[in-house]
1. In nm, give the distance between the simple-model label positions of TYR172 and VAL58, each being 7 Å from the Cα along the Cα-to-Cβ direction.
2. For the range 57-112, what ratio Rg/Rh do Cα atoms give with a Kirkwood hydrodynamic radius?
3. Return a whole-number percent for the relative contact order of the range 39-231, with Cα pairs under 8 Å and 6 or more residues apart as the contact set.
4. Within 10 Å of each residue's Cβ, count the other Cβ atoms and sort ILE130, ILE124 from fewest upward.
5. Which order do the peptides 203-209, 75-81 come out in when sorted by mean C-beta neighbours inside 10 angstrom, highest first?
6. In the range 39-231, what is the volume of the convex hull around the alpha carbon atoms, normalised per residue and reported in Å³?
7. Calculate the spin-label point distance for ASP214 paired with VAL146, positioning each point 7 Å from the Cα along the beta-carbon direction, and give it in nanometres.
8. Just how far, in whole angstrom, is the range 35-84 from the range 103-155 if you go by their alpha carbon centroids?
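Only the coordinates and a few stated rules stand behind these numbers; no lab work does. Bear in mind the structure is a predicted one, so any value in this text is a computation, not a measurement. For neighbour counting, all protein chains shown are included, and Cβ atoms are generated from backbone atoms with ideal geometry for every residue, glycine included.
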Amino acid sequence: MNAMKKIATTALRAGVVAAFSLACGLAAAQDADPLGRDPFERFNRGVYRFNDGVDRAVLRPVATAYRDAVPSLVRQGVNNFFGNLGDVWNLANNVMQLKLQNSAETFMRLNVNTFFGLGGLLDIASEAGIERHSEDFGQTLGRWGVPSGPYLVLPILGPSTVRDTAALPVDYYGDALSHVNDIPARNSLTVLRVVDTRANLLRASTLIQDAALDPYSFTRDAFLQKRRSEIHDGSEPDESK
């Protein structure tokens, strides 16, 4: 009887060990990037954990309080205002990419919302069916054949690539807020834009945390797929880019 109990105990332990090993193997297979786009994964995961800590401690609570305290109509106006400011740089990058139709539509958006939308607080252009074509300098570089390079997670800024990181100084210079001379006003607007952006992502971030086995790899794969789609305007991208 004791022998049977020992055999059963040994088999149970072996089964538990095998199941644990299989689970670890599956997790490793899910986490690994089969295309080799994430050679700095250990570093990136460390930065991701840091960003997640900052988000949980500061950004998410502030964004949640902003969403709960500010009426939706006001929040929409704030979002429209920053979207209109962003269209200035969108226009420049559409022109640099020689996207004539997108440039014309962005120019129309900018003028319609600025002059008839109370400085951009109202998004009249979208209601009129004029589409927003969001472009940044990283996309412009990709448009002209500069490869993305490895995946990077930047402190506070989050997911990026080597190409997009190199483009950041140009994007900063092209940002309309960077040319506001009043430093307190510029800083206040920058903080408001960050809070507004985070508030718009509250539901998405909650879904990722709840649904993804590994939020890091899920975020990485979603970001890289989104960037390829943006650079190739939604068409099937070349993996080398």
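1. So the two model labels end up 1.6 nm from each other.
2. Numbers: Rg = 15.7 Å, Rh = 13.1 Å.
Across the range 57-112, the Cα-based Rg/Rh ratio is 1.19.
3. Values: 200 pairs, mean separation 52.2, N = 193.
Worked out over the range 39-231, it gives 27 percent.
4. Details: ILE130 19, ILE124 16.
Fewest-to-most Cβ neighbours within 10 Å comes out as ILE124, ILE130.
5. Working: 203-209: 12.1, 75-81: 18.4.
Sorting 203-209, 75-81 by mean packing, highest first, produces 75-81, 203-209.
6. Values: hull volume 26.3 nm³, N = 193.
For the range 39-231, the hull spanned by Cα atoms encloses 136 Å³ per residue.
7. The two pseudo-label positions are separated by 3.0 nm.
8. Here the two parts' Cα centres lie 20 Å apart.
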